[in-house]
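What follows is one structure encoded as structure tokens, with my remarks underneath.
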Amino acid sequence: MMLYTLLQVNPIEGFFFGSGKSMVVGGVAVIILIGIGLWLWRMEKRIQALSRQADDAFQNTKSNAAS
Amino acid sequence: MIQGSWKIGGIALLAYVVWTTFTVPLGPGLLELRDRNEAASTDGITKRIETYELIGLGTHWGAGTEDLRVFIRKGQNLAQLPVIDVIDDTHAHIALLLPDTLPSRSWDVLANHPVDGTLFLQNGLFTDAYIIEPTAGLEPPVFDEHAPNLPHHFPFQPRIFETIRNLMLHVPMWFTMFLLMGIGFVASIRQLGQKEASNTVFDQRAEASVQVGMAFGVLGLLTGSLWARYTWGAWWVDDPQLNGALVTVLVYAGYLILRASVEDQRLRARLSAVYNLFAFIILMILLMVLPRFTESLHPGKGGNPGFNSYDLDSSLRAVFYPAVLGWMLLGTWMYRIRLQATQLNQKLQRLNQR
């Protein structure tokens, strides 16, 4: 209700930029994006580590079967 | 670390894009020249004075109220309208003081101000109480176009206004989808060229690229629909470009459904590779070829299905091009992770079978 009243007085454009809220939105969006980047980086490393472990396990079972 | 620098570069580009998208202000523009319905005549015989309210968006008329100049223009005819009063930064009262005979009914409105530069409102004035004589000429006033004296800003576009920021999200989604579907297309060709049918490495690549490409396609549809709601007043309109985009995404959804319905790995790889070739051709036809031949609400019609050079100015390009590159790099990264996850899953399945 308060937001509605504010928007009646100021159009959304004036409110968004005039009040300096755009900097907050931009900052939060950048933080979220960097967070997604870090998460992707970590997930890729984990998948690569798991893939190496799977390769090792595959080699072990292969050599065990041969012996 | 060096190998991963393109990933850091992609995120850095997107951080720059997101920051500038949300923080760069919109440039000034004219919204409306509204009749105030306070018509009055000076002498009741030869002249009529009607007052209009000129409404701007993001204008700075309060800074230098005496410097605001308002003109109307039709072809070569130009006339200056006296400014009665500047109410605030975005509102001014204008007198419609014109000869009884005019060469046209509809006029473009121009406003000159040292801060905002020359602003333009196409067909902003319709004069219905004058005698129209196409050969009637007006004595042209002194008029110079001014460049704005403002910090970096995005261009004001009628009807689009602040939603111009969506350009950095909506359009790169489709560019990224094209890239990923292109990767899938090449992978499918190479899969069909495999001599050993059991080798499905390229099939995995095609699947991963289509999965991630689909995500970008759906995001493209959502951001486009949101934009359409604001600028055209409807979430969806019967438009060749929009329908083509939806059909393309559905065709690729069919690819994923087809894959899920075939259990035999070799058959699945072959069938889906053939389907993917047709899907990519359909994508190119529906999104790149057909829109060039049809009229549509979508920007840049009549030859170009996207924004054209008149819609993109240098301030937008400085953000738009990095946005396209950044989203493409992120999409490629996501594709690689998806592919690695698929390959890991296959390795684990092989281990379990032993």
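Okay, here's what the table says:
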read-out	value
For residue B:96, residues with placed amide H under 5 Å, excluding near neighbours	B:50, B:51, B:52
Label-to-label distance, nm, for residues given as residue B:5 and residue B:127 (7 Å Cα→Cβ offset)	6.4 nm
In Hz, Karplus ³J(HN,Hα) per residue of segment B:176-190 (6.51, -1.76, 1.60; θ = phi - 60°; x = Gly, Pro)	5, 4, 4, 4, 5, 5, x, 4, x, 4, 5, 4, 5, 4, 5
FRET efficiency, residue B:190 to residue B:257 (Cβ-Cβ, R0 22 Å, nearest 0.05)	0.45
Other-chain or far-sequence residues with amide H under 5 Å of residue B:32's (modelled H)	B:55
Phi to ³J(HN,Hα) by Karplus 6.51 cos²θ - 1.76 cosθ + 1.60 over segment B:215-230, Hz, x for Gly, Pro	4, 5, x, 5, 5, x, 5, 5, 5, x, 5, 5, 5, 4, 4, 7
Exposed-loop-free span, longest in chain B, where GluC sites (Glu not before Pro) count as exposed if DSSP calls them loop and at most 11 other C-beta atoms lie within 10 Å	B:39-144
Cross-link reach list, aspartates and glutamates versus residue A:21, counting only Cα pairs under 18 Å and skipping chain neighbours closer than eight places	A:13, B:162
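Computed from the coordinates by the stated procedures, all read-outs in this text should not be read as laboratory data. Computed from a predicted model, the values in this text were never measured in an experiment. Cβ sites come from the backbone with ideal geometry, for glycine too, and all protein chains shown count toward neighbours.
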